[in-house]
Amino acid sequence: MLIPLGLWLGLAKTALVMNALFAAPEDAFRWVALLQWLWWFTSLHFLLAMLAGLAIQRLVLPRRRWTFVPISVAVLILLALMFPMTGDDHTVARTLQVWTITAAGQVSGLVACLWRDIVSIAVVVFALGLVLKFTPARARAGMVLLLQMVVIALCALVGIDLAYQLATGQPTSSRVLLFAALNVKEVAPLIAPEATSFRALAIGGGIFVAAGWAWHHRRLAALPMLAGRQGWGEGVLALALALGILLPAPAHGFLPLLRHTEGTLITLAKTAAPTLAHDIQLSVAAEFVRTGRPRWHSAQMLARQTEATDRKNVVIVMLESMRAVSTTMYTPTLQTTPFMASLASDSLVVEDMTAVIPRTAAAWVAILGGQYPLANEGTQNWARENRKKPRIRSLPSVLRQAGYATSFFTPTDLHFQNDLDVVDIFNFEFIQTEKELARPGAERVTYFGIADEWMVQPILDWTAIQVRAKRPFFTAVMTNVGHHNFETPSTWRKLVFEGVSNPKLDAYYNCLRYIDGVLSTLMEGYRRLGVLKDTIFVFVGDHGQMFDEHGAKQIHNAIYQEGLHVPTLIYAPGMALAPGRVRGPRQQIDVFPTIAELLGLQIEGAELPGQSLLHAVDPERELFYTSSIDWSFLSARHGHRKYVYSFDREPMEVFDLDKDPKELASLRDVDVEELARMKQRMLEWRINAEASMFAYPTDGLDPSAAWLPR
């Protein structure tokens, strides 16, 4: 019964290992590209020679089996003559030597990665063997059918894991699969652009093989169970192999293979439930009881005017998927954002600003709410509970109470998950999304919405109304172009960026250049309205983007710097704000207290985790992150060290961002106590963040009211 599972598991892991060693073509059904990719693996040269030798021996010398060996060697030499090594030393001997060395490394890496999969199959064999051994004879037919269905389901799971990793470059988990299953409608537009023939085969092939095998052996239930010494011997062998699960995953010196040394089924089983320390949960609960409220809170927040209050307008532009390293401000040789770069010369530029979670709605909570956001599932639950009883107050909420006109503009459809609910919670007076902004001829650029240019005039029209009414205003803008799948309007004349070989990255750069032009038009409109000197402008990325760095192609389940480090600048020409650089570790939660300070407002009745960008911070400041798929990854920064924790599925990665800003080499021999301490700190932060977002006071703004944990 388990032969198709073992076969498909081995093929899937082999494909992942090969892809880790040398990336496969985007669509493996482009046969020339596929053959070129396969030829790179010298171990396959030896396999091809052996198969050819076996075939020739069977056809020509069927009775002389020993000739298989010399024929295979002859075929291998012929291949070396046909495809010699390039360079000065291109002899057959040199070619065979290089092939042998590289093949040995490839095979050893594959064996290290397959060992835990072999163990997982042994565990399943032993478990199913016990089930069948103790199943009554009258129920055996039904049990065999049920177990065959389980095997088909496991083959499908292995195929989905393979397709997911090929598409995103990141390991999947039970949490990821559960999230996708519960949000099929919402995630379908994200999956569609990544669908290829090979990925469809990866999913369907395992199901077909397992179902065909089950049909071929449909009379399996009628066969007698193995009995006697032979049956017990096989059971002991399966048990011995199964006990290998207690051994650690094999170590491998090649970093790209490190994540594949754990078995696929073992990884999915481990991630079915988060590995939370029970004492951390108890500690957070005890702290809540002792203090009477969560660690961070804002449900009772008030913004008091002071003698320093200056009722400036505020405009926050949140930039979809804009990573810092791809902008002209942070990489001057890259002409993707020349307008923003020119604006930066008169602005405060934050050198080291990071997102908390690589997810747009999470950025809204951090920037507009000033609180640590939650991942996808947590945000969904929080938005639902917040409608029943407010948990936080936001910057637009307190400014609206202070007499500001407040608005939110985005050309996207906010029906992905609960994004519209999140925006509603912020208590904007005026909201316009794709539904209100779309006009005849408006082109839907991404699967989320129309081009950003369609919101420029409505923003300026709304602003003009506030100017005539002499009313201070707060506007939040969320762009759309720049989101995966990196499409620009059909009217956009694409630019050529020198030295860019990745077509996705080239398309992304064009998106940034397009957004830069839209921002130029918007700022020119504000200039014509005469509001520049009365307005504080904040431009900040919602999250970054990955383009094969660390093997990742998407950001939702990766928390490396490419997905976290975002451009940020504060432009306030009417204030005595000297242009320059804001240094030190900063995070999106710092925007809220910065705006409050610039406006001269005193925040009371709240405990916010952020720190104003106008003041220096401790260079050893701790920052925390999580992936947008909950309980998939956590990360932390402490000074120049960055930690990436995958809930013990893989060894914790530790990087020195001063010496290794691109996180290319994980530090070795890191103190075990340091790793344990940081794991503890990350889990404490994660649990405190959730407790803070869900806790609420029983009586609104009454500061003496008791707080409830949920």
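A short reminder: the numbers here are calculations on the coordinates, not readings from a lab. Owing to the predicted nature of the structure, the values given are computational and were not obtained by experimental measurement. Methodologically, a virtual Cβ is constructed for each residue, glycine included, from the backbone with ideal geometry; neighbour enumeration extends over all protein chains shown.
Obtain the nm distance between the two label points defined at LEU529 and LEU47 by a simple spin-label model: each point lies 7 Å from its Cα along the Cα-to-C-beta direction.
Roughly 6.3 nm, to one decimal.
Normalised by the number of residues in the chain, what is the relative contact order in percent for Cα pairs under 8 Å and 6+ residues apart?
18 percent
Restricting the calculation to Cα positions, tell me the Rg (one decimal) and the Dmax (whole number) of the stretch 309-611 in Å.
Rg and Dmax of the stretch 309-611, Cα atoms, are 18.0, 53 Å.
Find how much the distance from THR291 to VAL69 grows on full extension, using 0.36 nm per residue of separation minus their present alpha carbon separation; answer in nm with one decimal.
Extra length available between THR291 and VAL69 comes to 72.2 nm.
Can you list the aspartates and glutamates whose alpha carbon is less than 13 Å from that of LYS270, not counting same-chain residues fewer than 8 positions off?
Reachable aspartates and glutamates: GLU262, ASP648, GLU650.
Which order results if GLU429, GLU320, GLU453 are arranged by neighbouring Cβ count within 10 Å, fewest first? Kindly include the intermediate steps, with their values, before the conclusion.
Details: GLU429 14, GLU320 27, GLU453 21.
Going from least to most buried by this count: GLU429, GLU453, GLU320.
Could you give the alpha-carbon Rg of the stretch 505-552 over 2.2 N^0.38 Å, rounded to two decimals?
1.59
Which of LYS185/LYS435; LYS470/LYS533; LYS494/LYS553; LYS435/LYS494 have a Cα-Cα distance over 24 Å?
With Cα atoms farther than 24 Å apart: LYS435/LYS494.
If I model a spin label at ARG677 and GLN401 as a point 7 Å from the Cα along the Cα→Cβ vector, what separation in nanometres do I get?
Spacing of the two 7 Å Cα→Cβ label points: 4.0 nm.
Between the stretch 520-589 and the stretch 371-427, what's the alpha-carbon centroid distance in Å?
Using only Cα atoms to place each centre, the spacing works out to 20 Å.
Take the Cβ-Cβ distance between ILE56 and GLN36 as r, set R0 to 30 Å, and report the resulting FRET efficiency rounded to the nearest 0.05.
With R0 = 30 Å, the Cβ-Cβ based efficiency is 0.70.
Of the listed peptides 660-669, 377-386, what is their order by residue-averaged count of other C-beta atoms within 10 Å, with the highest listed first?
Result, highest mean Cβ count within 10 Å first: 377-386, 660-669.
State, to one decimal in nm, how far the label point of ASP618 lies from the label point of ASP461, with both points 7 Å from Cα in the Cβ direction.
In this crude label model, ASP618 to ASP461 measures out at 5.1 nm.
Distances over 41 Å make up what percent of all Cα-Cα pairs in the chain?
Cα-Cα pairs of the chain separated by over 41 Å account for 39 percent.
What whole number of Å gives the distance from the Cα centroid of the stretch 641-658 to the Cα centroid of the stretch 154-202?
25 Å
Show me the ranking of peptides 568-578, 281-291 by mean Cβ neighbours inside 10 Å, starting with the highest.
For the peptides 568-578, 281-291, the packing ranking is 568-578, 281-291.
Once R0 is set to 45 Å, what does the formula 1/(1 + (r/R0)^6) return for the Cβ-Cβ distance between VAL131 and MET82, expressed as a FRET efficiency to the nearest 0.05?
0.30
Using Stokes-Einstein with the Kirkwood hydrodynamic radius over Cα pairs, what translational diffusion coefficient do you get for the stretch 595-678 at 4 °C and a viscosity of 1.567 mPa s, in µm²/s rounded to a whole number? Please report the intermediate quantities before stating the final value.
Numbers: Rh = 15.2 Å.
Rounded to a whole number, D works out at 85 µm²/s.
Compute the Cα gyration tensor for the stretch 33-97, then decide on rounded, prolate or oblate, letting a ≥ b ≥ c be the square roots of its eigenvalues: rounded whenever a/c is under 1.5, prolate when a/b is larger than b/c in the other cases, and oblate in all that remain.
Oblate, since a/c reaches 1.5 and b/c is not below a/b.
Count the DSSP beta bridges whose two residues both fall in the chain, then state the antiparallel fraction as a percent rounded to the nearest 5.
About 55 percent, rounded to the nearest 5.
Reachable aspartates and glutamates from LYS662, Cα under 17 Å, same-chain residues fewer than 8 places away excluded?
In chain and number order, the partners are GLU351, ASP352, ASP548, GLU549, GLU562, GLU653.
Could you give me the percent of Cα pairs per 10 Å distance bin for the stretch 530-674, shortest bin first, beginning at zero and ending with the bin that holds the maximum distance?
In order of increasing distance, the bins hold 10, 34, 31, 18, 6, 1 percent.
Going by how many other beta carbons lie within 10 Å of each one, how would you line up SER321, SER490, fewest first?
Taking fewest neighbouring Cβ atoms as first place, the list is SER490, SER321.
Give the peptides 145-156, 544-555, 128-139 in descending order of average Cβ contacts within 10 Å, highest first.
Going by the mean number of other Cβ atoms within 10 Å, highest first, we get 544-555, 145-156, 128-139.
Based on DSSP H assignment, which helices of the chain show an axial Cα extent of at least 24 Å together with a mean Kyte-Doolittle hydropathy greater than or equal to 1.6?
Helix filter hits for the chain: 140-168.
Viscosity 0.890 mPa s, temperature 25 °C: Stokes-Einstein D of the stretch 276-372 from its Kirkwood Cα radius, in µm² per second?
Values: Rh = 17.6 Å.
Approximately 139 µm²/s, per Stokes-Einstein.
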